[in-house]
Amino acid sequence: RGGPKPYILNKIVNTLRGQRKYNMLNINLALSNFQYCSFHTRMKAGSRIGPHNQDVLSIIIGSLLGDSYANRISIEGTRICYRQSSIHKEYLFWLYSFFYTNGYSSNLEPRKSSFKVKHKGLESIHYRYEFNTFTFRSFNWVHEMFYHKGKKVIKPVLENYMTPLCLAIWISDAGCWAKPDVRIATNCFSLTEVEFLVKILKTKFNLDCTIQHLKLSNNSSIYVQISSVPTLREILLPHLHSSMKSKLGL
């Protein structure tokens, strides 16, 4: 009845059928076959129903394993929210270009914002960039896969979506070089969930990993062992943004 209708305003953006590479900030990302989609400026979120290409899902799921979050907006649907420190501006804009080129985000470039950090009594100002995808009702299942009562969780179905591209995005978000290993921060997940992630890494990619669990803080991290680092590099390099190679010790 009456009142404003829930539209997301932006120009029409079309995806490209069958295109193999997209240039994002002069960085090429190899992609699989795309289906043609158009998400209109005045299209209701509930009408954005996909289908979603595997690379789109791989990037979203890899991001949710890391720093990104899924925002459920009532019955209208779910959007994926991206935020990175200004240090990783190039990487964030690379992600934005991917979603914008494929019709999943508006033509408004990532927003710059500031935030304060206190450390040992000293306060400093830091900067970050952020953007959101459009809201899709067909993203609700992604939200349900990753959240329970507002908290991020890992469910067994995740294994079906763990691709090399997904792993590359996850490590770009949550990984670091911890010579001679690669460390993946998993602090927001339970120890049981982290153990399941280690199992996936072994089953899907034959990566030998260990877990470092700090009982005092109840935080855990995954370490890809030095013996598996060459395998990890071989898997990730075709999918990794150039600014993230340092996370593999390169």
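What the table below lists for this structure:
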read-out	value
Residue among S242, S227, S217 that is polar (S, T, N, Q), surrounded by fewer than 16 Cβ atoms within 10 Å (Cβ to Cβ) and closer than 30 Å to G103 by Cβ	S242
Residues of the stretch 200-223 satisfying the condition of being hydrophobic (A, V, I, L, M, F, W, C) and under 21 Å from I59 (Cα atoms)	I200, L201, F205, L207, I222
Residue match in the stretch 141-150 (condition: modelled with pLDDT under 95 and touching a helix residue (DSSP H, G or I) at 6+ places or on another chain (Cβ under 8 Å))	no
Residues (outside any helix (DSSP H, G or I), in contact (Cβ under 8 Å) with a residue 40 or more places away in the chain and in contact with a strand residue (DSSP E or B) (Cβ under 9 Å, 6 or more places away or on another chain)) located in the stretch 218-250	Y223, V224, Q225, P238, H239, H241, G249
Tabulated pairs, the stretch 101-114, first under 16 Å from Q84 (Cβ atoms), second of a type in the set (S, T, Y), C-beta under 6 angstrom, 6+ apart or interchain	S105/T133; P110/Y96; P110/Y129; K112/Y129; S114/Y127
Residues located in the stretch 75-110, provided they are of a type in the set (A, V, I, L, M, F, W, C) and within 14 Å of the chain's Cα centre (by Cα)	I80, C81, L92, F93, W94, L95, F98, F99
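Conditions (1) assigned by the TED database to the domain that holds I235; (2) modelled with pLDDT of 95 or more; (3) crowded, with 18+ Cβ neighbours inside 10 Å, marked per residue:
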{"residue": "A70", "(1), (2), (3)": "no, yes, yes"}
{"residue": "I73", "(1), (2), (3)": "no, no, no"}
{"residue": "E76", "(1), (2), (3)": "no, no, no"}
{"residue": "F99", "(1), (2), (3)": "no, yes, yes"}
{"residue": "S114", "(1), (2), (3)": "no, no, no"}
{"residue": "L158", "(1), (2), (3)": "yes, yes, yes"}
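The values are calculated or read from the model by the stated rules, or taken from the named source; none is laboratory data. All values derive from a computational prediction rather than experimental measurement. Note that we place each Cβ from the backbone using ideal geometry, even for glycine, and neighbour counts take in every protein chain shown.
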